[in-house]
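One structure, pasted below without further comment.
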There are 2 protein chains.
Amino acid sequence: MKLSQRGEYALRAVLVLGMNHGSGVVRIRDIAQQQNIPRRFLEQILNDLKSAGFVLSKRGVAGGYRLQRGPNEISLADIIRHLEGPLAPVGCVSVNYYQRCSCPDEGACAIRSVMQEVRDAIVGVLEGVSVAHLCERVRDLQGPLENPLDYII
Amino acid sequence: MKLSQRGEYALRAVLVLGMNHGSGVVRIRDIAQQQNIPRRFLEQILNDLKSAGFVLSKRGVAGGYRLQRGPNEISLADIIRHLEGPLAPVGCVSVNYYQRCSCPDEGACAIRSVMQEVRDAIVGVLEGVSVAHLCERVRDLQGPLENPLDYII
DNA sequence: TAGAATCCCGACCTTTTTAGTCAAGTATCG
DNA sequence: CGATACTTGACTAAAAAGGTCGGGATTCTA
């Protein structure tokens, strides 16, 4: 039931971009430094997020990344699904990535019905939280600061 | 956010033992056949469940496995935790297997607070379902049958 | 228009995990 | 005794995880 390191890094990076939304692009280097993420690895991840349409990039000297859509249009579920595949604990209860399992009778499988509930619980939380919500939480958790740049994400 | 094949097999096997609780032991072979689980692999898994104290075994001709504790004393959370480790999606919100993560300030980490909720949601379901509950669901899902042996799990 | 900064892309690498398999041994029943 | 089951530990192949690296393509600025 694990989120991979890659997935966690992606969320942290997106959150940084969320906090800086509206004020130009942010460099990979800065995100990596602030978040303790290996720079080269983060490059790879952001590239992936870019081809998935979550972020945009700008090349050259004043280059960097920013969110493509608004922070309130991206849910954590979206991001994690793209990076990790199904949110469901087993394929046979996944809505987006259904896969039949090897049990004798799927329709009457009790384990499946429990996993269904687990899936719904997970999705319920993750669909309900957008990047914008996440940014709000950052502000709530850290109290009001003078300078937006001082927020530690 | 995945349950491994091994974990799924374990749950299925335990459920079979749950359904047969009180009527002696069940052979590996029978569980494997009924549940489409590779026999040798299942041996390994049951052994693991045995050393963890979930099941007991009996050797020899009329040998097999049965639950060690009562079906209502074993929750799915227990089993999965033993097999897969933490239920939490990230180590920094795990109660039983806590591990610090690399983010700058864990206390004020917004992602962590969301993952906390995800963890609680997962644990909420899985702690609440015992093997006995699972057996009930089997009966509910399949309707009342003549012979207890006819239940397909 | 050169050069520095930045993203871009694909290949590569190492370690760990997953999903099994297998052989030989030990206990038990009849 | 001998057939039947569990026991134990080693072994393996394939995939995933977690990165690293070199060199290319853009863009800004002096």
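The values are calculated or read from the model by the stated rules, or taken from the named source; none is laboratory data. Because the structure is predicted, anything quoted here is derived from the model rather than measured. For neighbour counting, all protein chains shown are included, and Cβ atoms are generated from backbone atoms with ideal geometry for every residue, glycine included. Side chains included, ligands, DNA and RNA excluded: accessible areas come from the protein's heavy atoms. Shrake-Rupley method; radii C 1.70, N 1.55, O 1.52, S 1.80 Å.
Tell me which helices (runs of 4 or more DSSP H) are completely within segment A:1-75 and hold 2 or more residues being touching a residue at least 12 places away in the same chain (Cβ under 8 Å), within 7 Å of DNA strand C (Cβ to nearest atom) and open to solvent by 10 Å² or more (accessible area, probe 1.4 Å), or say none if there are none. Break it down into steps so the answer makes sense when it comes.
Values: elements: A:5-19, A:28-35, A:39-51.
By residue number, A:39-51.
On the basis of being among the aromatic types (Phe, Trp, Tyr), within 16 Å of DNA strand D (Cβ to nearest atom) and within 14 Å of another protein chain (Cβ to nearest Cβ), does B:Tyr65 make the cut?
The answer is no for B:Tyr65.
Among what's in segment A:76-95 and is touching a residue at least 40 places away in the same chain (Cβ under 8 Å) and more than 9 Å from chain B (Cβ to nearest Cβ), pick the residue that is farthest from B:Leu11 (Cα to Cα). Break it down stepwise before answering.
Step one: of segment A:76-95, the residues touching a residue at least 40 places away in the same chain (Cβ under 8 Å) are A:76-77, A:79-80, A:83-84, A:89.
Subset that is more than 9 Å from chain B (Cβ to nearest Cβ): A:77, A:79, A:83.
Details: A:Ala77: 27, A:Ile79: 30, A:Leu83: 27 Å.
Restricting to residues being touching a residue at least 40 places away in the same chain (Cβ under 8 Å) and more than 9 Å from chain B (Cβ to nearest Cβ), the top hit is A:Ile79.
Given the structure, is B:Asn47 under 26 Å from B:Leu15 (Cα atoms) and at pLDDT below 95? Before you say what the answer is, go through the steps one by one.
Values: under 26 Å from B:Leu15 (Cα atoms): yes; at pLDDT below 95: no.
Spelling it out, it is not the case that B:Asn47 is under 26 Å from B:Leu15 (Cα atoms) and at pLDDT below 95.
Follow-up. Got at least one residue in segment A:84-93 being part of a helix (DSSP H, G or I) and of a type in the set (A, V, I, L, M)?
Checked segment A:84-93: at least one residue is part of a helix (DSSP H, G or I) and of a type in the set (A, V, I, L, M).
Here is a follow-up. Look at segment A:45-95 and say how many of its residues are under 13 Å from A:Leu17 (Cα atoms) and more than 16 Å from the chain's Cα centre (by Cα).
The initial filter retains those residues of segment A:45-95 that are under 13 Å from A:Leu17 (Cα atoms), namely A:46, A:49-50, A:54-57, A:64-72, A:74.
Still in the list and also more than 16 Å from the chain's Cα centre (by Cα): A:57, A:64.
Here the count works out to 2.
Looking only at segment A:96-143, how many residues end up being among the small types (Gly, Ala, Ser), more than 7 Å from chain B (Cβ to nearest Cβ) and outside any helix (DSSP H, G or I)?
2
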